[in-house]
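Input: a single structure, listed below in structure tokens.
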Amino acid sequence: MIIGILGIIIGVLIGFYIPVTFPTSYSLYLSVSILAAIDSVFGAIKASMEGYFNSTIFVTGFLGNAVIAGLLAYIGDKMGVPLYYAAIFAFGSRLFQNFAIIRRQLIEKFSKK
């Protein structure tokens, strides 16, 4: 847990002091990839709360989902078909589903005290 918090702090500090910019033409691909990565993070939080978190599964899912989502958006863009909608729907619905589970578990945990 402490390593995760430390990683977030380091990432935020790097983001503030080493600005990285991307061309606007990449915004669609990056946004879908970021959505996929956030979905993986919420899935990891849920798995951790349920006691079956596996760091190998998390890292491979995090990177794999982000790359596949970005590629799906890129291929769809090149074909003229908005395939990124499929990624938005899949990862968005899973993100909200995981958030609902996390929220319920936290409410149950803190209401018992």
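Data table
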{"item": "Fewest-first ranking of 77, 39, using other Cβ atoms within 10 Å as the exposure measure", "result": "77, 39"}
{"item": "Pairwise label distance in nanometres, residue 16 with residue 105, each label 7 Å out on the Cα-Cβ vector", "result": "3.0 nm"}
{"item": "Rounded to 10°, Cα long-axis angle of helix 55-79 versus longest principal axis of the chain", "result": "30 degrees"}
{"item": "Centre separation in Å (Cα based) which lies between the stretch 84-113 and the stretch 1-17", "result": "23 Å"}
{"item": "Label corresponding to Cα Rg over 2.2 N^0.38 Å when calculated from the structure given, among (i) 1.28; (ii) 1.23; (iii) 1.05", "result": "(ii)"}
{"item": "Unit charges at the beta carbon, dipole of the stretch 23-111: most positive-side option, 82, 30, 105", "result": "105"}
{"item": "Packing-based exposure ordering (other Cβ within 10 Å, fewest first) of 59, 41, 20", "result": "20, 59, 41"}
{"item": "The chain, dipole about Cα centre (Lys/Arg Cβ +1, Asp/Glu Cβ -1), debye to the nearest 20", "result": "420 debye"}
{"item": "Table column - 3J(HN,Hα) (Hz), the stretch 14-27, Karplus curve with 6.51, -1.76, 1.60, x for Gly and Pro", "result": "5, x, 6, 9, 10, x, 10, 10, 10, x, 4, 5, 8, 4"}
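Rule-based calculations on the coordinates, nothing more; no lab input. Note that this is a predicted model, so its numbers are computed, not measured. Cβ sites come from the backbone with ideal geometry, for glycine too, and all protein chains shown count toward neighbours.
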